[in-house]
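Laboratory data are not the source of any read-out in this text; all were calculated from the coordinates shown. Since we're looking at a predicted model, the values are computed, not measured. Cβ placement follows ideal geometry from the backbone for every residue including glycine, while neighbour counts extend to all protein chains displayed.
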Amino acid sequence: MKFVEIKGESYQKFSKAVFLADNGSSNLSALKNWEQPLNFRPNSNNLKQYQGGPCGLFAVLQAHIVIKENDNNFQNASQEHILISLILDIFSRISSYYVFCDGFDAKTEYAHFQYTTDLDEAYSFILGTDYIKSYNACLLLTLSIVFASIGMSDLNVPAEPYIYGDRNTTMALVWLMLNGSTNDANLAQTENSNYRGTTQTQIGIKVLNNPDKRVVGTWLNPNANVFVCHRGCHFFVVLTIADIFIVYDSLNDKSPFETTKKSLQWS
């Protein structure tokens, strides 16, 4: 593994790309609700989220788990192997690098990343360091994904941050993980409701019951049967099998559970 450090102005740009408070400041240390491990519920393949905020990240990971549960290549795989594999799948959409933040200090404006272009080396790093089991794995993984997306050498900072001022996940972060890009040209294509992903077509995005009716609908991969859904400031996963709707919600201890099209206000 190689490493790269960012300091001072570069760190400030990166920090604001990740999170911007309502007053225009950015302090990654304020994201305490993102300091969560990536754990499964007991006797279940469902991820457990401990605090609100990073539900979008959990939903994207859970959607991939649902897909891999039905993949013959993963029938006998451990939960750890499945989770590491899907994380690497996400990185491969975003960049030619597998990047892992292994520490930052907001006070001194410093962040440290390890990276590689080798899939096996990246897998071994996650496994060998217990990366996903760390108390702040959720935050470190998010920093890694954002850093991989905005460039290893030229910080191409997006117009909007990936975490809202209220410390909740933005749709941009979900879109980035599922489609690999949030550039304007890419997002413009979503105005066509039949838009299919350029890097994966198995997982869709659906907005349910939003006060702004213009955003309600399917925004990625309409023919998918696994969707990352957004409703009431919360992201969760829905698996559709004919007229059956199964909800996977990282904040709900009863997950997964079957529900109805009417209850979801599915359209």
Nearest 500 deg cm²/dmol is fine: what mean residue ellipticity at 222 nm does the chain get from its DSSP H runs of n ≥ 4 alone, each adding -39,500 (n - 2.57), divided by its residue count?
-9500 deg cm²/dmol
Top of 159, 111, 224 by mean-square fluctuation, Gaussian network on the chain, Cα under 10 Å
159
When the C-alpha atoms of the stretch 215-267 are aligned to their principal axes, what extent does each axis show, in angstrom, from largest down?
28, 26, 18
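Taking the Cβ-Cβ separation of residue 159 and residue 106 as r and a Förster radius of 22 Å, what is the calculated FRET efficiency to the nearest 0.05?
Values: r = 22 Å, r/R0 = 1.02.
Step by step, r from the Cβ atoms, then E = 0.45.
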Note: probe point = Cα of residue 120 + 7 Å toward Cβ; backbone nitrogen < 17 Å; residues of the stretch 86-109 passing the test are 98
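Would you please give the FRET efficiency between residue 254 and residue 30, computed as 1/(1 + (r/R0)^6) with r the Cβ-Cβ distance and R0 = 30 Å, to the nearest 0.05? Let's see the in-between values first.
Numbers: r = 31 Å, r/R0 = 1.04.
After rounding to 0.05, the efficiency reads 0.45.
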Which residue, 244, 205, 126, has the most motion in a Gaussian network model of the chain that connects Cα atoms within less than 10 Å?
244
Projected onto the charge dipole of the stretch 2-264 (+1 at Lys/Arg Cβ, -1 at Asp/Glu Cβ, origin at the Cα centre), which of 117, 156, 238 gives the Cα projection farthest towards the positive end?
238
Would you mind checking 48/68; 32/107; 68/133; 32/206 for any pair whose Cα atoms are more than 23 angstrom apart?
32/206
Which whole-number percentage describes the relative contact order of the chain, with Cα contacts under 8 Å and a sequence gap of 6 or more?
22 percent
Where in the stretch 222-247 does the label zone of residue 166 land, with the point 7 angstrom along Cα→C-beta and an amide N cut-off under 20 Å?
229-237
Over all alpha-carbon pairs of the chain, lay out the pair-distance distribution in 5 Å bins, whole %, shortest bin first.
1, 6, 13, 18, 20, 18, 13, 8, 3, 1, 0
Which residue, 249, 118, 71, tops the fluctuation ranking in a GNM of the chain built on C-alpha contacts under 10 Å?
71
Charges at C-beta only: +1 for Lys and Arg, -1 for Asp and Glu. How large is the resulting dipole of the stretch 2-264 about its Cα centre, in Debye rounded to 20?
680 debye
